[in-house]
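Enquirer: Take this structure, written in structure tokens, and hold onto it; I'll ask about it next.
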Amino acid sequence: MKIQRTVSCGQVTQEHVDKKIQLSGWVNKRRDHGGLIFIDLRDRTGLMQLVFNPDIAAEAHKAAHALRSEYVISVCGIVYPRPTETVNEKLPTGKLELYVTELEILNRAKMLPFSLEDAENVDEELRLKYRYLDLRRKRMYSNMALRSDVIFLMRYFLQQHGFHEIETPTLTKDTPEGAREFLVPSRLHHGFFYALPQSPQLYKQLLMAGGIERYFQVARCFRDEDLRADRQPEFTQLDLELSFVTAQDIQDLMEALLVYIMKAVKGIEIPRPFTRIVYEQAFEVYGSDKPDLRFELKIQDLSTLFKDTSLKFLQTVLQQDGRIGALHVAGKTFTRSELDSWVIRAQNLGAKGLLWVRFDEDGKPESPVAKFLPDDFLFRVANVIPSCTKNDTLFIIAGPYKEAWTSLGRLRLELGEALNLIPHDVYNFSWIVDFPLFEYDADAKCWNATHHPFTSPTEEWENQEPGEMHAKAYDVILNGVELGGGSIRIHDQAVQKKMFELLGLSTEETQEKFGFLLEAQELGFPPHGGIALGLDRLIMLLTNSNSIRDVIAFPKTQRGFDLMMSAPASVDAAKLREYGLVVKKK
């Protein structure tokens, strides 16, 4: 029998009844009923039931005794309707079965290190070590297929909107753009290194200098950073750059693209325009620059309520220009043990402490500090939070503004999940705009670019201090996850030099690192802007996955290891000498 599949398992239909077909795939399940042997054969399209009957094909039936899970086989046979009592309505092929006349075992499989049916309960590192097995699962295949579909849709949409897909180099120059880069030693030039790009940022700006005007790329990016659920050492982003545009133009284009994708893959109509929130308001209300807008539970500023308090620790916070914020939870009665557990959870989220106040049926405050609170405390709170009433609870965090509000933002998400406030069948897109241009690093005593040093400042920047400047920058958010960010770029050399100066780069460093960019800005550099969309994060949200590792074919662990390939790995001394390198043991 030749290995010549005539139809896929999941695509066998009534049209094939009484016809001879050939299938190939993996043994998903084997059932021996004495005389008859039943096999569920699986390929990427689905399952097809095979029947081995000794009265029809004795040799094939005899060979079928050897079949085990995950054997790779090819079979020929005739398609028949299943008996009515054995029909499986859950399968598209559940009304049919194949009576096998020929069987060929293409590859045998020893006992698997884990059961594919129970893989969700298996340690993730074991699944990553045998990733090729994990990918055989229906959920993982569906994730990869959706990823492919979304990339195709992106390419189609952008081609229709006049974009050209252009690849940029993977081996590039080490430049201080923000994230830590991976370095690649040069064998031909000892002591010199390439860097893997953390993004195609500089190249895409230079494409604008080259007159391309509308560029995109499904780009591989590399960042040597600490890992988490939505971050990997290497990841994929949809990268865009356009000339002669405003921030609004780019945002409108991205909205149209995301609405198009959501309609195509989810059948959902996403309303436009997306909600727009300035950075300061987002942080003030949600304690985050990527707020989840699917539920309310906004942060309330209670600083004025405690100005005259006898609670010394709160007085100290206010005297040091700190703030006191609260989350107001209505309609939920917490037990004392539950409230104490939330104190611990808040501390695990980075808060130095959490103060709770629960109002009883008479409106009297109950709290570890209740004796320091006035009897009319609920009345005073209601002046700030009109909806606060009897049986409600306040979760209060005090401290320096950014620190306290960040903790409140994290606690807000935890409460939202624990109290089932977040609808998980909703996709809520938003824009965060008007970011600060710089962030101050108190440890290094210097300013850092909030996005990157090529972000254009707003018009009034020349009359402001660095901490007052704002950027023509914007992030697109989906359900509390930053999908991507972009900005209008600097195209004027004088402005670019000033940005480098504010970041503490000397004239020599600027010329060494970015001389090529500064020169390009003197040779007819058009106004331009762009955005990068995190493809892995988008697919993670579309598939309701817990991590981007579930939507990347071969990801690294949270410690940056490739367990399947055992990478990173040591390199022998002879090869290192070719690169002029020596590894020194600690």
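The values are calculated or read from the model by the stated rules, or taken from the named source; none is laboratory data. Bear in mind the structure is a predicted one, so any value in this text is a computation, not a measurement. Cβ: placed from backbone, ideal geometry, glycine included. Neighbour counts: every protein chain shown. Ligands, DNA and RNA are excluded from the accessible area calculation, which covers all protein heavy atoms including side chains. Shrake-Rupley method; radii C 1.70, N 1.55, O 1.52, S 1.80 Å.
Enquirer: Rounded to the nearest 0.05, what FRET efficiency do Thr246 and Leu106 have when you use their Cβ-Cβ distance and R0 = 45 Å?
Expert: Efficiency computed from Cβ-Cβ geometry: 0.15.
Enquirer: Something else about it: Go ahead and run the numbers for FRET between Asn348 and Leu135, Cβ-Cβ distance against an R0 of 35 Å, rounding to 0.05.
Expert: The computed FRET efficiency comes out at 0.55.
Enquirer: With every protein chain kept in the model, how would you rank Val100, Val87, Val481 by accessible area, 1.4 Å probe, largest at the top?
Expert: Result of the area sort, largest leading: Val87, Val481, Val100.
Enquirer: Net charge near Val87, counting Lys/Arg +1 and Asp/Glu -1 over other residues with Cβ under 12 Å of its Cβ?
Expert: 0
Enquirer: Further question on the same structure: Grab the DSSP H runs of the chain that are 4 residues or longer, score each as -39,500 (n - 2.57), total them, divide by all residues and round the 222 nm result to the nearest 500 deg cm²/dmol.
Expert: Value at 222 nm, helices only: -8500 deg cm²/dmol.
Enquirer: Next question, about the same structure. Simple spin-label model, 7 Å along Cα-to-Cβ: His65 to Lys298 in nm?
Expert: 7.5 nm
Enquirer: Also, I was wondering about something else. Express in nm, to one decimal, how much length is gained between Asp376 and Lys173 on full extension, taking 0.36 nm for each residue of separation and deducting their alpha carbon distance.
Expert: Value of the extension gain: 66.7 nm.
Enquirer: Now for a separate question. Taking K and R as +1 and D and E as -1, what net charge do the other residues with C-beta under 13 Å from the C-beta of Phe283 add up to?
Expert: -2
Enquirer: Please work out how much accessible surface Lys129 shows to a 1.4 Å probe, ignoring ligands, DNA and RNA, in Å² rounded to 10.
Expert: Using a 1.4 Å probe on the heavy atoms, I get roughly 100 Å².
Enquirer: Filter the GluC sites (Glu not before Pro) in region 507-586 to those in DSSP coil with at most 16 other Cβ atoms within 10 Å of their Cβ, and list the result.
Expert: Glu522
Enquirer: Also, quick follow-up: If I compute solvent accessible area with a 1.4 Å probe over the protein chains, what percent of it on the chain is carbon and sulfur?
Expert: It is 50 percent, rounded to a whole number.
Enquirer: Ignoring ligands, DNA and RNA, what accessible area per residue does region 311-356 give at 1.4 Å, in Å²?
Expert: 55 Å²
Enquirer: Spelling out what I want: for every residue of region 55-62, take phi, set θ = phi - 60°, compute 6.51 cos²θ - 1.76 cosθ + 1.60 (Karplus), and round to whole Hz; glycine and proline get x.
Expert: 7, 9, 8, 4, 5, 5, 5, 4
Enquirer: To continue, here is another question. Which value, in Å², gives the accessible area per residue of region 85-229 when a 1.4 Å probe is used on the protein heavy atoms?
Expert: With all protein chains present, region 85-229 gives 58 Å² per residue.
Enquirer: Compute the separation of the alpha-carbon centres of region 279-338 and region 368-401 and state it in Å as a whole number.
Expert: If you average the Cα positions of each part, the centres end up 10 Å apart.
Enquirer: For region 317-410, state which GluC sites (Glu not before Pro) are in a DSSP loop and have at most 11 other beta carbons lying within 10 Å of their beta carbon.
Expert: Glu361
Enquirer: What's the extension gain from Asp149 to Glu512 if we count 0.36 nm per residue and subtract their Cα-Cα distance?
Expert: Contour length minus the Cα-Cα distance gives 126.5 nm.
Enquirer: Something else about it: Quick query: amide H of Glu97 versus all other amide H atoms, modeled in the peptide plane; which residues come in under 5 Å with a sequence gap of 5 or more or a different chain?
Expert: Those lying under 5 Å, H to H, from Glu97 are Tyr80, Arg82.
Enquirer: Using a 1.4 Å probe, how large is the accessible area of Val51, given in Å² and rounded to the nearest 10?
Expert: Roll a 1.4 Å probe over it and Val51 shows about 0 Å².
Enquirer: Continuing with this model, one more query. What residues have an amide H closer than 5 Å to that of Ala195, excluding those fewer than 5 places away on the same chain, when H is modeled at 1.01 Å from N in the peptide plane?
Expert: Thr172, Lys173, Asp174, Val184
Enquirer: Indicate the helices, whole DSSP H runs only, in the chain that combine a mean Kyte-Doolittle hydropathy of 0.0 or more with a Cα extent along their long axis of 18 angstrom or more.
Expert: Span-like helices in the chain: 247-266.
Enquirer: From the phi angles alone, apply the Karplus equation (6.51, -1.76, 1.60; θ = phi - 60°) to region 90-97 and give each ³J(HN,Hα) in whole Hz, x where the residue is Gly or Pro.
Expert: Computed from phi, the couplings for region 90-97 are 6, 10, x, 9, x, 9, 10, 8 Hz.
Enquirer: OK, next. On average, how much accessible surface per residue is there in region 386-481, in Å², for a 1.4 Å probe, leaving out ligands, DNA and RNA?
Expert: 44 Å²
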